[in-house]
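This report refers to the structure that appears directly beneath it.
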Amino acid sequence: MKRLYRYIAGEITVPFFLSLFVFTFVLLLDRIMKLVEMVIGRGVGLADIGKLFIYILPSFLTLTIPMSFLLAVLLAFGRLSSDSEVIAMKASGVSLYQMLIPVSILSILAYGMTFYLTLYALPWGNQSFRSKVFDIARAKASAGIKERVFNDDFDGIVLYIDRLKGGDMEGVLIYDRREKDGYTIFAREGGIISDPKTMTVTMRLREGEIHKTGKDLSYSKVAFSTYDLRVNFRGSATGSRGEVSKGDREMTISELSMKVAELKGKGENYKPYQVEIYKKFSIPFACIIFGLIGAPLGIQSRRSGRGFGFSMSLAIFLIYYISLTGGESLGDRGIIPPFLAMWGINFIFLTIGIYFIIKTAGESPIVVSAWLDQAGDLLTRLVIKLGRAQRNG
């Protein structure tokens with residue numbers, strides 16, 4: 001039996017790591033292009049880009065690990081079924097429940113990885129990413145400014161400087177279009193200062209005027225001796241006022257619990273933070289659920305091709321993720337309890353998985369599997385027709 005368990009585990013492990021690499025790479029592709037743009041357009045060093053890449057990786061792995069495990073189980077049991085190895089195992093006295101032992105062990109391992117990423121690596125990565133982008137913005141802010149050139153390195157701001165002496169600016173012209181009605185600032189001199197504690201970048205202007213024109217053609221002018229303008233570097237993760245603050249996805253469980261207690265004491269809405277707490281525990285549990293669903297579906301499927309396994313796993317994951325997102329939205333608004341918002345879909349999928357296993361163990365067909373087979377056939381024919389139409393066109 002140990003040899004059999006190792007064999008089934010090997011059939012799952014190889015496609016799991018391959019699909020994990022592919023899914024993660026596809027989801028990261030957009031971020032990779034933005035990081036490459038920072039190297040080419042902003043002169044950011046490769047070491048900093050490497051750190052940013054590591055920081056954003058946990059946010060994608062929390063999704064791709066459950067998805068990859070589902071696909072791996074579908075492919076493994078689909079191949080075992082199509083090659084009649086499942087029949088041979090049953091003829092040798094091996095039941096479906098025994099076949100599920102290595103699946104359960106691997107699903108618990110996948111659960112452990114996702115749980116660690118969700119609980120610890122994800123908040124650390126999100127906050128570290130935003131902090132690193134702030135550090136890059138702070139370092140590049142002054143370096144990117146040039147004399148007598150309209151600079152748009154700051155988000156929502158066009159900056160023109162007549163003379164630049166070290167870190168001091170003379171003859172400053174700023175057009176700020178972040179508000180509904182943009183306004184223009186003239187200042188005799190200014191400079192850029194940053195505060196690492198509050199993660200803010202501020203442009204301090206001296207001896208100037210603010211000119212503003214409304215939609216009703218009204219005009220106002222305000223003179224100032226010193227004026228601080230919060231800014232953020234284009235492409236950074238800072239807020240509209242230049243500060244970097246922790247969102248619920250950057251918080252740990254203890255920080256979220258403290259936030260819930262704080263908002264409860266103030267009588268404010270604490271549901272989004274409570275939903276986030278339950279979410280950190282519910283998403284990793286998907287690995288166990290997908291193991292229960294994938295094995296019987298893979299056995300009962302008439303087709304074992306990689307393309308069909310991918311389509312089936314993607315469809316199941318999309319249904320799960322859309323339901324989870326919908327539950328999160330309802331929980332944030334207080335329509336349903338936070339626990340039910342995050343765990344309701346898990347209970348539904350867990351019930352479906354147990355039902356699939358019982359039906360498959362009793363040699364009874366699963367109607368959903370037949371529907372998915374028919375949908376796969378339809379999808380295959382559609383792709384073939386589109387390919388032929390493109391060649392003929």
For this session: Kindly indicate whether Phe69 is open to solvent by 60 Å² or more (accessible area, probe 1.4 Å) and aromatic (Phe, Trp, Tyr).
Result: no
For this session: May I ask you to verify whether Arg302 is at pLDDT below 85 and in contact with an Asp or Glu (Cβ under 7 Å, 6 or more places away or on another chain)?
Result: yes
Exercise. Under the condition of being more than 33 Å from the chain's Cα centre (by Cα) and among the aromatic types (Phe, Trp, Tyr), which residue from the stretch 130-173 is modelled with the lowest pLDDT?
Worked result: Phe150
Seminar exercise, completed: Of the residues in the stretch 203-225, those that are more than 19 Å from Lys165 (Cα to Cα), at pLDDT 80 or above and surrounded by fewer than 18 Cβ atoms within 10 Å (Cβ to Cβ) come to Glu209, His211, Lys212, Thr213, Tyr219, Ser220, Lys221, Val222, Ala223, Phe224, Ser225
Problem set entry | Single residue of Lys279, Lys259, Lys359 found to be more than 24 Å from Ala121 (Cβ to Cβ) and either open to solvent by 10 Å² or more (accessible area, probe 1.4 Å) or assigned to a helix (DSSP H, G or I) (or both) | Lys359
Problem set entry | Close pairs (7 angstrom Cβ cut-off, 6 or more residues apart or separate chains): over 16 Å from Ile316 (Cα atoms) in the stretch 327-356, of a type in the set (Val, Ile, Thr) and open to solvent by less than 10 Å² (accessible area, probe 1.4 Å) anywhere | Glu328/Val275; Gly331/Val275; Asp332/Val275; Pro338/Val275; Ala341/Val275; Met342/Val275
Exercise. Assuming Ile335 fulfils every condition listed in (1) within 24 Å of the chain's Cα centre (by Cα); (2) not in a helix (DSSP H, G or I) apart from one, which condition is it?
Worked result: (1)
Seminar exercise, completed: How many residues of the stretch 151-173 are open to solvent by less than 60 Å² (accessible area, probe 1.4 Å) and either touching a His at 6+ places or on another chain (Cβ under 6 Å) or part of a loop (DSSP other than H, G, I, E, B) (or both)? The answer is 3
Problem set entry | Checking Val22 against (1) of a type outside the set (Phe, Trp, Tyr); (2) open to solvent by less than 90 Å² (accessible area, probe 1.4 Å); (3) over 23 Å from Val73 (Cβ atoms), the condition it does not meet | (3)
For this session: Scan the stretch 5-48 for residues that are more than 18 Å from the chain's Cα centre (by Cα), at pLDDT below 85 and in a helix (DSSP H, G or I) and jot them down.
Result: Val36, Glu37, Met38, Val39, Ile40, Gly41, Arg42, Leu46, Ala47, Asp48
Exercise. From the list Ile145, Ile174, Ile161, Ile157, which one is in contact with a strand residue (DSSP E or B) (Cβ under 7 Å, 6 or more places away or on another chain), under 18 Å from Arg204 (Cβ atoms) and in contact (Cβ under 8 Å) with a residue 60 or more places away in the chain?
Worked result: Ile157
For this session: Within the stretch 113-124, identify whether any single residue is out of contact with any strand residue (DSSP E or B) (no Cβ under 6 Å at 6 or more places or on another chain), open to solvent by 10 Å² or more (accessible area, probe 1.4 Å), among the aliphatic types (A, V, I, L, M) and closer than 30 Å to Met1 by Cβ, and answer yes or no.
Result: yes
For this session: Search the stretch 174-202 for residues being surrounded by 13 or more Cβ atoms within 10 Å (Cβ to Cβ) and in contact with a helix residue (DSSP H, G or I) (Cβ under 9 Å, 6 or more places away or on another chain), and hand back the single one that is modelled with the lowest pLDDT.
Result: Met199
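The values are calculated or read from the model by the stated rules, or taken from the named source; none is laboratory data. Small disclaimer: the values here were computed from a predicted structure and weren't measured. Note that we place each Cβ from the backbone using ideal geometry, even for glycine, and neighbour counts take in every protein chain shown. Please note that ligands, DNA and RNA were not included when accessible areas were found on the heavy atoms of the full protein model with its side chains. Shrake-Rupley method; radii C 1.70, N 1.55, O 1.52, S 1.80 Å.
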